[in-house]
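Each remark here refers to the structure printed beneath this line.
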Amino acid sequence: MIRYRSALVVACGVALAAPAVAFAQDGVQAPPPTTFTPPPMQYPFIGVSPSKSTAGEDVLVSVGCPVADFVEVTSMVLDRIGKFEVTSEDPVILGAVAHISDKAKPGFYAVKATCKTATVTINLEVAPGKTPTLTPPPTTKPPKQTPPKTVPSVKPAAGRQVSKIPVGAPQTGGGAFG
């Protein structure tokens, strides 16, 4: 009986190992490992930095567009847009400083860049600026003087809280080297 079991085990082992050996000898090589290649830059694109500003501030407008294809940048909230210059060669990015109108109200405004082939838009958020604090008009009458408030004195405790008052530095156990 033991002979039959041994023969069965050997036969099963050969049957399972034979396809694996045959597969290894087919000459089929594994494909080479793939490397990450970033996608090509999508033209055109636009960016505004910072994307949240207040009225009267300057922002940087960046446009990704070939120089020959660039037409203009427009927005109802920008009252001055500087000359666009190349800030990056690969990919080509044009940049200019623009000024947000002093009269701009808080909200979101579209900034559009036009190239020959397409127009792209981004939102610029104008946040509420600092509210000027109104100073009260001077009065002819001096303000009413109020007497200083007195703080009730604290009565000392009737007795000591501890029986022995500690003297010297606290004993903490000596640390790692004690």
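How about residue 116: which aspartates and glutamates have a C-alpha closer than 15 Å to its C-alpha, ignoring those fewer than 8 places off in the same chain?
The qualifying aspartates and glutamates are 69, 72.
Contact order normalised by length for segment 35-86, with contacts defined as Cα pairs under 8 Å and 6 or more residues apart; what percent is it? Each step should come with its number before you reach the end.
Working: 26 pairs, mean separation 15.3, N = 52.
Reported relative contact order: 29 percent.
As a quick test, which of the pairs 52/105; 83/112; 52/83; 83/105 have an alpha carbon distance above 18 angstrom in this structure?
Violating the 18 Å Cα-Cα cut-off are 52/83; 83/105.
Could you tell me the calculated FRET efficiency between residue 87 and residue 34, based on Cβ-Cβ distance and R0 = 41 angstrom, to the nearest 0.05?
0.80
Using only the heavy atoms of the protein chains and a 1.4 Å probe, how would 69, 79 rank by accessible area, largest first?
Result, largest first: 79, 69.
The values are calculated or read from the model by the stated rules, or taken from the named source; none is laboratory data. None of the values given here were measured: they were computed from a predicted structure. Here the Cβ is made from the backbone with ideal geometry for all residues, glycine too, and neighbour counts use every protein chain on show. Just the protein is used for accessible areas: all its heavy atoms, side chains included, with ligands, DNA and RNA removed. Shrake-Rupley method; radii C 1.70, N 1.55, O 1.52, S 1.80 Å.
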